[in-house]
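A.B. asks: Provided herewith is a single structure, encoded as structure tokens, for subsequent inquiry.
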Amino acid sequence: MSIKCPKCHNEATVEGKIYNQIDYVNPLAYFRPSSLPFYAIFFTNIQLENNFNACSFCGLVWSNIDSQRLESIIHRKGVY
């Protein structure tokens with residue numbers, strides 16, 4: 001059973017990984033909320049696991065991050 005796309009709700013999705021070179025899986029990718037103040041760059045990266053989904057209908061690519069870490073950063077840094 002396919003995962004439904006969170007954007008268009010189509011079930012034409014596939015699982016995959018992100019590569020930055022031929023045959024090289026990039027293990028060090030991070031997410032950081034863009035609404036952080038410029039001085040709040042320390043300890044605000046959330047490492048991504050290299051497991052992604054993509055929708056072949058609308059082109060959306062998505063993944064998951066540690067939601068508790070994200071919530072902690074948002075509350076500590078006053079983002080929203």
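The values are calculated or read from the model by the stated rules, or taken from the named source; none is laboratory data. The model shown is predicted, which means the values in this text are computed figures rather than measured ones. Positions of Cβ are generated from backbone atoms using ideal geometry, with glycine treated the same way; all protein chains shown enter the neighbour counts.
A.B. asks: What are the pairs with Cβ atoms under 7 angstrom where one residue, in region 55-76, is farther than 13 Å from PRO6 by Cα and in contact (Cβ under 8 Å) with a residue 12 or more places away in the chain and the other, located anywhere, is of a type in the set (Val, Ile, Thr) and part of a strand (DSSP E or B)? Sequence gap at least six, or different chains.
C.D. replies: What qualifies is ILE65/ILE46; ASP66/ILE46; ARG69/ILE46; LEU70/ILE46.
A.B. asks: Go through region 9-30 and report how many residues are at pLDDT 85 or above and outside any loop (DSSP other than H, G, I, E, B).
C.D. replies: Number satisfying all stated conditions: 4.
A.B. asks: Could you run through region 36-59 and say how many residues are touching a Cys at 6+ places or on another chain (Cβ under 8 Å) and loosely packed, with under 15 Cβ neighbours inside 10 Å?
C.D. replies: Count: 2.
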